[in-house]
Amino acid sequence: MLRITNGRVYDPKNNIHGEVRDVCISGGKVVASIEGGRTIDAAGMIVFPGGVDVHTHVAGAALNFARGLIPEQHRASTPMFRNAVRRAGMGGTTPTTFATGYLYAGMGWTTVNEAAVPVLSAKHTHEELHDTPIVDKTCCILMANNEIVLDLIEAGEYERAKDVVAWMVWAAKAYGVKAVNPGGVAAWKWGKDAKQLSDPVEGYKTITPGKIVANLSRIVDELGLPHPMHLHCNNLGAPGNYTTTLETMKTLESNRAHLAHLQYHAYGGDDWYSIRSEAAKIADYFNAHPNLTTDAGAVLFGNTVTITADGPWQHLLYKLTGHKWANLDVENETGCGIVPYAYKEKNLVNAVQWAVGLELLLLINDPWRVYLTTDHPNGATFWRYPEIIQLLMDSEFRREQIKKLPPKARERILLADLDRVYTLSEIAIITSAGPARSLGLLEKGHLGIGADADVAIFNDNKDIAKMFAYPRYVIKGGEVVIEEGEMRQSVEGHSFAVKPTYNEEIEKFLRPVFQQQYTMSFDNYPVELERVHGMQVRSL
Ligand SMILES: [Zn+2]
């Protein structure tokens, strides 16, 4: 039992904005009151619900592929040595599994959504997630280029496509459905892409990205998945792509969707020399459409590595940079590309990207619908989130940073005109309450009675970046894991999966498809529930 007393509590879901009050914890949950137990005196501190990352890449084959491609970045990073409470690990831009859990928890983040899992490698992903301590986990499976699903949509067999998606979610012990460059990744098997919503998709007669977006978002809604379709739009990263993003939002009609890393989808201009921000046009449309949520995918300057299922984009990035790169096609399901990358302050394109991420966070007026991410590690590594919080809360600091950008970049962005600063309550929303709501994790993102006792306690410090980088206490599931800024114990997190309803007959359809098209047998394909440690399943 634990009582946190005298702290200023920020719990926006329960309409608490900096009130001094007690938070009582028993049995891993927030409760109304306790008798006895330990007390943490949080006088002069602020109390937040634990952070929830709606979009990150921390586990699975793609991560290992990336780690293998950047030994030089690992060599330059600060290693984490084994001690009495933790195992050894490497930090850097793609920290190893154990280090990932310690680093997230070490800044007060206690739940992560691994945003891109091929069903074919879900077993491996769950093994790595199990090795990522402290934080709770969900994952989304890649469905928008799954050839079985595309074949069925092309044949007009919507109901069967829906059963396949539902079966796949459960086979992977996943939580949600991800769509990456719908159709474009399937086309990449022939070296093609599908950038616009009406582009034909190589290998199909009638399939277009628009058709995939419309069908898959409807499937996810009809299955009643707690998290909407998690969508990485077509035409990522390209100058002028904001029109594709607007078109995508229109194609969704009233279906729910979470638009991932919106920063990469809000550019104007005709080429790399004329690239400019169109964050305002994207934000205007987004603001008027409550069926949508998004995360920033903000960029910070420095070294990183880009990892995405969007193979054709990564090929282009390789061509642009001349850096080493890797590509992997995942049978009938998806692709993957890796390119190490450095965002430079003096580079026009990178400067515009940096501004666009912040502009979206400032121009989208409802903090409940836009969340703090860097699309880790694509825009920057997750442990740099406190730097973004500082940029959002301190307009003077922000103006100083804008001055460092190339003059040409400053003409192409709006950031200098935006005076909005985030309040602490709004930071609690975009880092915790909002993403928990979008994920449908009802016991996360708040400190009301019955919530999971995931709590971050920060010193109230004028240095915002420092304050959010080094919480004074972090409590996970009622256990104090960080105390006086030091890690005191590691605990296991659990995973959440959903089991949608589907017609069992779908297995009779799938079995011969697997015999014909997969290297893995149908019987070996699903992740056995017993293999996934500490999984909580919600049947729909
Ligand atoms: Zn991503």
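Let me confirm something: among N503, N459, which residue is modelled with pLDDT of 95 or more and over 28 Å from the mean Cα position of the chain (by Cα)?
N503
In this structure, does G440 turn out to be under 25 Å from M1 (Cα atoms) and either modelled with pLDDT of 95 or more or not acidic (D, E) (or both)?
no
For segment 32-72, which residues satisfy the criterion of being within 25 Å of D460 (Cα to Cα) and either within 16 Å of the ligand (Cβ to nearest atom) or buried (at least 16 other Cβ atoms within 10 Å of the Cβ) (or both)?
I40, A42, M45, I46, V47, F48, P49, G50, G51, V52, D53
Given V491, V480, which one is part of a loop (DSSP other than H, G, I, E, B), touching a strand residue (DSSP E or B) at 6+ places or on another chain (Cβ under 9 Å) and modelled with pLDDT of 95 or more?
Only one candidate qualifies: V491.
Where residues in segment 78-98 are more than 18 Å from the chain's Cα centre (by Cα) and under 22 Å from Y341 (Cα atoms), which of them is surrounded by the fewest Cβ atoms within 10 Å (Cβ to Cβ)?
Here the residue is T78.
Enumerate the pairs (first residue in segment 287-316 and of a type in the set (S, T, Y) and more than 12 Å from the ligand (Cβ to nearest atom); second residue anywhere and in a loop (DSSP other than H, G, I, E, B) and modelled with pLDDT under 95) with beta-carbon separation below 7 Å, excluding pairs fewer than 6 apart on the same chain, so at least 6 apart or on different chains.
Final answer for the pair search is T304/T93.
Could you tell me which of the residues L362, L300 is in a loop (DSSP other than H, G, I, E, B), aliphatic (A, V, I, L, M) and in contact with a Lys or Arg (Cβ under 6 Å, 6 or more places away or on another chain)?
Residue meeting the stated conditions: L300.
Mind listing just one residue for me: the one in segment 209-240 that is within 16 Å of the ligand (Cβ to nearest atom) and closer than 19 Å to W167 by Cβ and, of those, surrounded by the most Cβ atoms within 10 Å (Cβ to Cβ)?
Among those residues, the one meeting the criterion is H230.
Check whether at least one residue in segment 462-476 is touching a Lys or Arg at 6+ places or on another chain (Cβ under 9 Å) and part of a strand (DSSP E or B), and report yes or no.
no
Return only the number of the condition from (1) more than 16 Å from the ligand (Cβ to nearest atom); (2) free of Cβ contacts under 8 Å to residues at least 60 places away in the same chain that I16 does not satisfy.
With (1) more than 16 Å from the ligand (Cβ to nearest atom); (2) free of Cβ contacts under 8 Å to residues at least 60 places away in the same chain applied to I16, the lone miss is (2).
Quick one: which of T206, T243 is at pLDDT 95 or above, away from the ligand (no atom under 16 Å from the Cβ) and assigned to a helix (DSSP H, G or I)?
Exactly one of T206, T243 is at pLDDT 95 or above, away from the ligand (no atom under 16 Å from the Cβ) and assigned to a helix (DSSP H, G or I), namely T243.
Would you point out which residue out of I148, I134 is on the phi > 0 side of the Ramachandran plot and out of contact with any Asp or Glu (no Cβ under 7 Å at 6 or more places or on another chain)?
Going through I148, I134 in turn, the sole match is I134.
Matching residues to (1) under 23 Å from C140 (Cβ atoms); (2) modelled with pLDDT of 95 or more; (3) touching a Ser or Thr at 6+ places or on another chain (Cβ under 7 Å):
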residue	(1), (2), (3)
Y525	yes, yes, no
L529	yes, no, no
V532	yes, no, yes
L540	yes, no, yes
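Scan segment 421-440 and tell me whether some residue there is of a type in the set (D, E), under 28 Å from C140 (Cα atoms) and assigned to a helix (DSSP H, G or I).
Scanning segment 421-440 turns up at least one residue that is of a type in the set (D, E), under 28 Å from C140 (Cα atoms) and assigned to a helix (DSSP H, G or I).
With respect to W368, determine if the residue is away from the ligand (no atom under 16 Å from the Cβ), outside any strand (DSSP E or B), surrounded by fewer than 24 Cβ atoms within 10 Å (Cβ to Cβ) and within 20 Å of the chain's Cα centre (by Cα).
Here the answer is yes, as W368 does meet what is asked.
Of these, I70, I46, I34, which one is in contact (Cβ under 8 Å) with a residue 24 or more places away in the chain and within 23 Å of S425 (Cβ to Cβ)?
I46
Kindly indicate whether any position in segment 92-100 is of a type outside the set (F, W, Y), farther than 22 Å from C139 by Cα and away from the ligand (no atom under 16 Å from the Cβ).
Yes, segment 92-100 contains a residue that is of a type outside the set (F, W, Y), farther than 22 Å from C139 by Cα and away from the ligand (no atom under 16 Å from the Cβ).
Can you pull out the residues in segment 251-275 that are closer than 22 Å to A351 by Cα and polar (S, T, N, Q)?
Across segment 251-275, the qualifying residues are Q263, S274.
Residue-wise test of (1) within 13 Å of I134 (Cβ to Cβ); (2) surrounded by fewer than 18 Cβ atoms within 10 Å (Cβ to Cβ); (3) acidic (D, E).
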site	(1), (2), (3)
F458	no, no, no
A465	no, no, no
V474	yes, no, no
G477	yes, no, no
E484	no, yes, yes
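Out of A351, A355, A380, which single residue is closer than 27 Å to N64 by Cβ, of a type in the set (A, V, I, L, M, F, W, C) and either outside any helix (DSSP H, G or I) or away from the ligand (no atom under 16 Å from the Cβ) (or both)?
Testing whether each residue is closer than 27 Å to N64 by Cβ, of a type in the set (A, V, I, L, M, F, W, C) and either outside any helix (DSSP H, G or I) or away from the ligand (no atom under 16 Å from the Cβ) (or both) leaves just A380.
Regarding segment 151-174, can at least one residue be identified that is within 16 Å of the ligand (Cβ to nearest atom), surrounded by 22 or more Cβ atoms within 10 Å (Cβ to Cβ) and among the aliphatic types (A, V, I, L, M)?
Yes: one or more hits.
Just need a number here: residues in segment 313-365 that are surrounded by fewer than 23 Cβ atoms within 10 Å (Cβ to Cβ), touching a helix residue (DSSP H, G or I) at 6+ places or on another chain (Cβ under 9 Å), closer than 27 Å to V149 by Cβ and not acidic (D, E).
Selection size over segment 313-365: 6.
Only one of (1) within 18 Å of the chain's Cα centre (by Cα); (2) within 18 Å of Y273 (Cα to Cα) is not met by V349, so which one is it?
The number of the failed condition is (1).
Condition first: among the small types (G, A, S) and over 26 Å from A436 (Cα atoms). Now tell me which residues in segment 151-190 satisfy that.
Of everything in segment 151-190, those that are among the small types (G, A, S) and over 26 Å from A436 (Cα atoms) turn out to be A155, G156, A161, G183, G184, A186, A187.
Select from segment 171-186 the residues that are in contact with a Phe, Trp or Tyr (Cβ under 8 Å, 6 or more places away or on another chain), in a loop (DSSP other than H, G, I, E, B) and either modelled with pLDDT under 95 or over 13 Å from G335 (Cβ atoms) (or both) and list them in ascending order.
Once the filter is applied, which keeps residues that are in contact with a Phe, Trp or Tyr (Cβ under 8 Å, 6 or more places away or on another chain), in a loop (DSSP other than H, G, I, E, B) and either modelled with pLDDT under 95 or over 13 Å from G335 (Cβ atoms) (or both), segment 171-186 yields only Y175.
Can you run down the residue pairs with Cβ atoms below 8 Å, 6 or more apart or on separate chains, where the first is in segment 400-424 and closer than 30 Å to G7 by Cα and the partner is at pLDDT 95 or above and of a type in the set (V, I, T)?
Pairs found: Y422/I389; Y422/I430; L424/I46.
The values are calculated or read from the model by the stated rules, or taken from the named source; none is laboratory data. Owing to the predicted nature of the structure, the values given are computational and were not obtained by experimental measurement. Every residue, glycine as well, gets a Cβ built from its backbone with ideal geometry; the counts of neighbours run over all protein chains shown.
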